[in-house]
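As structure tokens, the structure follows; a few thoughts come after it.
Please treat every number below as a calculation from the coordinates, not as lab data. Nothing here was measured: the structure is a model prediction, and the numbers come from that model. Because the Cβ atoms are built from the backbone with ideal geometry, glycine has one as well, and the counts that use them run over all protein chains shown.
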Amino acid sequence: MRVRLAGLLGGMGFGFVLSWARLTDPTVIRNMLLLREAHVFLIMGSAIAVAAIGVRLLRIAGVTSWITREPIGWSVQQPERRHVVGSALFGAGWSVLGTCPGPLAAMIGEGKLSGLIVGAGLLAGVAVQPTLKRHRTVEPHVELSNAVGL
Amino acid sequence: MTMARCPWYIAGPLLGMVIVGLRAAVNKPLGALGGYIDVVDHGSRPSHLGFSAFLLLGIVLGGALFANLAGTFSPTWVYSTGLPLNGSWQLAALLGAGLAMGIGARTAGGCTSGHGLCGVSLGSSASAVSIITFFATAVALAHALAWLLGGTS
């Protein structure tokens, strides 16, 4: 329960700042993608810099996490084809919408109810994605009798 | 109370500190996508919703808190996509682009916050590839759409 509470509070801080910095305004995102202003790039760059230094200080200090009591640490992934394919599709949606999953949630909180329509599409995409994957990987192993039997 | 746009040199470090804070408290990464996955996978049994779903709920509440403090909370269905669309075409664009974003993000295993902010700060090369790919695609497509449709500005 305390882990969920930490998530809730962290999310609230995150959402509050997203709204305060107007990252929930699709026009702001569009102006960034059209390279008309540097504001969003500077926010992302400074967020990454502060986070990169902060988490490394925690790891170097060798502290355990306050609530879950584990040594601070993480593993990273190597790039695969899915990161490029998925992110290209994601970027296409991002440019049309001028929003992405985090700011979308904060936008809905602000009362921009059309975000719920985007959210419905997003949830549907998240729900069907594993079935698309299964199609690709499982299909060759489907036995002929099964396929016909269907 | 009116609240001016938060300058980047405050907003960016604050977002970074949320990532550090979650790491210090629960040793978990920040990412909005995980919340949507959690809702899809466990939404029918709310007691099974975990950290990610609560993080997502928190983002919604954070936006609501800001809008209430700033006095800008006024529910509206208006959405400016920048595309010269209205009515059912706009509805289709919002749903379709949302669908693409959901499929793409889950395929890549992260979104702008999970890969872009958190993953890159942790030194993940998969996240670096992801952020470069989605920025390149989105910048190119935004320019192409603006040029083709002239619906922006």
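Cα gyration tensor of region A:27-87, axes a ≥ b ≥ c as square roots of the eigenvalues: rounded (a/c below 1.5), prolate (a/b > b/c) or oblate?
Oblate, because a/c is 1.5 or more while a/b does not exceed b/c.
With a cut-off of 19 Å, note down the residues of region A:77-94 whose backbone N falls inside the zone around a label point 7 Å from the Cα of A:Ala124 toward its beta carbon.
A:89-94
How many angstrom lie between the C-alpha centres of region B:1-31 and region A:1-63?
5 Å
Would you work out if the protein assembly as shown is rounded, prolate or oblate? Take a ≥ b ≥ c from the square roots of the eigenvalues of the alpha-carbon gyration tensor; rounded if a/c is under 1.5, else prolate when a/b is larger than b/c, oblate otherwise. Show your work: numbers first, answer last.
Values: a/c = 1.43, a/b = 1.05, b/c = 1.36.
Since a/c stays below 1.5, the shape of the protein assembly as shown is classed as rounded.
How large is the convex hull of the C-alpha atoms of chain B per residue, in Å³?
165 Å³
From the phi angles alone, apply the Karplus equation (6.51, -1.76, 1.60; θ = phi - 60°) to region B:71-87 and give each ³J(HN,Hα) in whole Hz, x where the residue is Gly or Pro.
Rounded to whole hertz, the list is x, 10, 6, 8, x, 8, 9, 6, 9, 9, 7, x, 9, x, 10, 8, x.
Could you tell me whether region B:49-97 comes out rounded, prolate or oblate from its Cα gyration tensor? Rule is a ≥ b ≥ c as square roots of the eigenvalues, rounded for a/c under 1.5, then prolate if a/b exceeds b/c, otherwise oblate.
Oblate is the answer for region B:49-97, as a/c is 1.5 or above yet b/c matches or exceeds a/b.
Quick one: if the Förster radius is 22 Å, what FRET efficiency do A:Leu42 and B:Ala144 give, using the C-beta to C-beta distance and rounding to 0.05?
Taking R0 as 22 Å, the efficiency between A:Leu42 and B:Ala144 is 0.30.
Checking understanding here: applying a Kyte-Doolittle mean of at least -1.0 and a length along the axis of at least 18 Å (C-alpha), which whole DSSP H helices in chain B pass?
B:8-26, B:51-70, B:88-108, B:125-149
Gap in Å between the Cα centre of region B:89-153 and the Cα centre of region A:83-99?
Going from one Cα centre to the other spans 3 Å.
State the Kirkwood hydrodynamic radius of region B:82-153 in Å, one decimal place, computed from all pairs of distinct Cα atoms.
13.6 Å
With no solvent and one equal point scatterer per Cα, compute the Debye intensity ratio I(q)/I(0) for chain A at 0.10, 0.11 Å⁻¹ and report its log10, rounded to two decimals.
The Debye formula, applied to the Cα set alone, gives -0.56, -0.67.
Relative to the longest principal axis of chain A, what angle (0 to 90°, nearest 10) does the C-alpha long axis of helix A:39-61 take?
90 degrees
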